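Input: a single structure, listed below in structure tokens.
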Amino acid sequence: MNAPYDLETDRPAQLGLIALQADETIEQDMRQLLPHHVEYMVSRVPSGASVTPETLADMAAHLTEAARLLPRGADLSCVAYGCTSGAAEIGAERIRDLIHAGIATPSVTDPVTALTAVCRSLGVTRLGLLSPYIASVSDRLRAVLAASGIEVVSFTSFNEPVEERVVRIASQSVIAAAQDLGRDAQVDALFLSCTNLRTLRAIPVIEAARGIPVLSSNLVLAWHMTQLAGETLAPDLPFRLAIQDATLAASSR
């Protein structure tokens, strides 16, 4: 005997995330940053054990298939590619095309696109950058930001190429590295790059000490995803950050 059933017509906001195979941090951060009523679905893209321009560029070949693995029946307001250095290497326009080839969604974003939108909203043009990665990876990110009108005037790095070590970098090391970053360069904000770097506990400590906005890859990505979906960051975050008052300008959507 077949039981009758009804289909629900009201859906919560739904978001898609393409995370790196090696990333152990971004999903946990998103659970804190996204509002509880928003559903987010995660796919994975193969990524190298070491982070180099070559391994980052290689991910482009798998982005469309990763997008296809997101649920077909979901109504995704936005799909995000969760890799800062990969976004800088592949390029935002190509990422949009590759994801749209795999799934229908009105908006696609990535951490570099999100950072640019946040900086525009906050009026940030001079940035202090903390990266975990080697120079060739960080240099590409700096060049892409410069092309968007954001000057990296102070820079430091852990110079770590191995992804599974990046996720183990302690919050205290992040805090220590950021304490003096850009103090003599009149930076408008600090950016802690990498979705796999564990920054959420460090951000409020640094922001309180420095008195300027402190941004991270996962923070700006969550902000941009929610803005594109007509939502906001989780209202019950256990810290108060400058980014929570930022609103996406209509011209940057």
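Nothing in this text is a laboratory measurement; each read-out follows from the coordinates by a stated rule. Remember, it's a predicted structure, so these values are computed and weren't measured experimentally. Glycine gets a Cβ as well: all are built from the backbone with ideal geometry, and neighbour counts include every protein chain shown.
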Of ALA202, ALA146, ALA92, which has the largest mean-square fluctuation in a 10 Å C-alpha GNM of the chain? ALA146
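Let's test the formula: R0 of 35 Å, r as the Cβ-Cβ distance of ALA101 and LEU237. What FRET efficiency results, to the nearest 0.05?
Working: r = 35 Å, r/R0 = 0.99.
The computed FRET efficiency comes out at 0.50.
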Debye, to nearest 20: dipole size of the chain, +1 on Lys, Arg Cβ, -1 on Asp, Glu Cβ: 360 debye
Quote the charge dipole size of the stretch 157-238 about the Cα centre in Debye, to the nearest 20; the model charges only the Cβ of Lys and Arg (+1) and of Asp and Glu (-1). 180 debye
To the nearest 20 Debye, how big is the dipole of the stretch 75-169 about its Cα centre, given +1 on the beta carbon of each Lys and Arg and -1 on that of each Asp and Glu? 240 debye
Mind checking the full-extension length gain between ALA57 and GLU8? Use 0.36 nm per residue of separation minus the Cα-Cα distance, one decimal, nm. 13.5 nm
Order by neighbour count: GLU89, GLU39, fewest other Cβ atoms within 10 Å first, most last. GLU39, GLU89
Compute the acute angle (0 to 90°) between the alpha-carbon long axis of helix 217-228 and the principal axis of greatest extent of the alpha-carbon atoms of the chain; round to the nearest 10°. 40 degrees
Relative contact order of the chain (C-alpha contacts under 8 Å, at least 6 apart) in percent is 22 percent
For MET41, what residues show an amide H to amide H distance below 5 Å, using hydrogens built from the backbone and excluding near sequence neighbours? LEU15, GLY16, LEU17
Over the stretch 113-216, calculate the relative contact order: mean separation of alpha carbon pairs under 8 Å at least 6 apart, over the residue count, as a percent. 31 percent
Using only Cα atoms, tell me the angle between helix 111-122 and the longest principal axis of the chain; keep it within 0 to 90° and round to the nearest 10. 70 degrees
Say the dipole of the chain comes from +1 at the beta carbon of Lys and Arg and -1 at that of Asp and Glu; which of THR105, PRO53, LEU141 then lies farthest toward its positive end? LEU141
If you rank TYR81, TYR40, TYR5, TYR133 by fewest surrounding Cβ atoms within 10 Å, what's the result? TYR5, TYR40, TYR133, TYR81
Calculated from DSSP helices alone, with each H run of at least 4 adding -39500 (n - 2.57) and the total divided by the residues of the chain, [θ]222 nm to the nearest 500 comes to -11000 deg cm²/dmol
Take ASP139, ASP97 and order them by how many other Cβ atoms sit within 10 Å, fewest up front. ASP97, ASP139
Using a basic spin-label model with each label point 7 Å from the Cα along Cα→Cβ, how many nm lie between ALA49 and ARG31? 2.8 nm
Dipole of the chain, positive direction: furthest Cα of ALA185, THR116, VAL205, with charges on the beta-carbon: ALA185
At a 10 angstrom cut-off on C-beta neighbours, averaged per residue, how do the peptides 235-246, 208-219 rank from highest to lowest? 208-219, 235-246
Percent antiparallel among DSSP beta bridges with both residues in the chain, to the nearest 5? 5 percent
Quick check: the angle from helix 135-147's long axis to the longest principal axis of the chain, C-alpha only, nearest 10 degrees? 80 degrees
Residues listed by number, the stretch 120-154, amide nitrogen under 17 Å from THR247 label point at 7 Å toward C-beta: 120-123
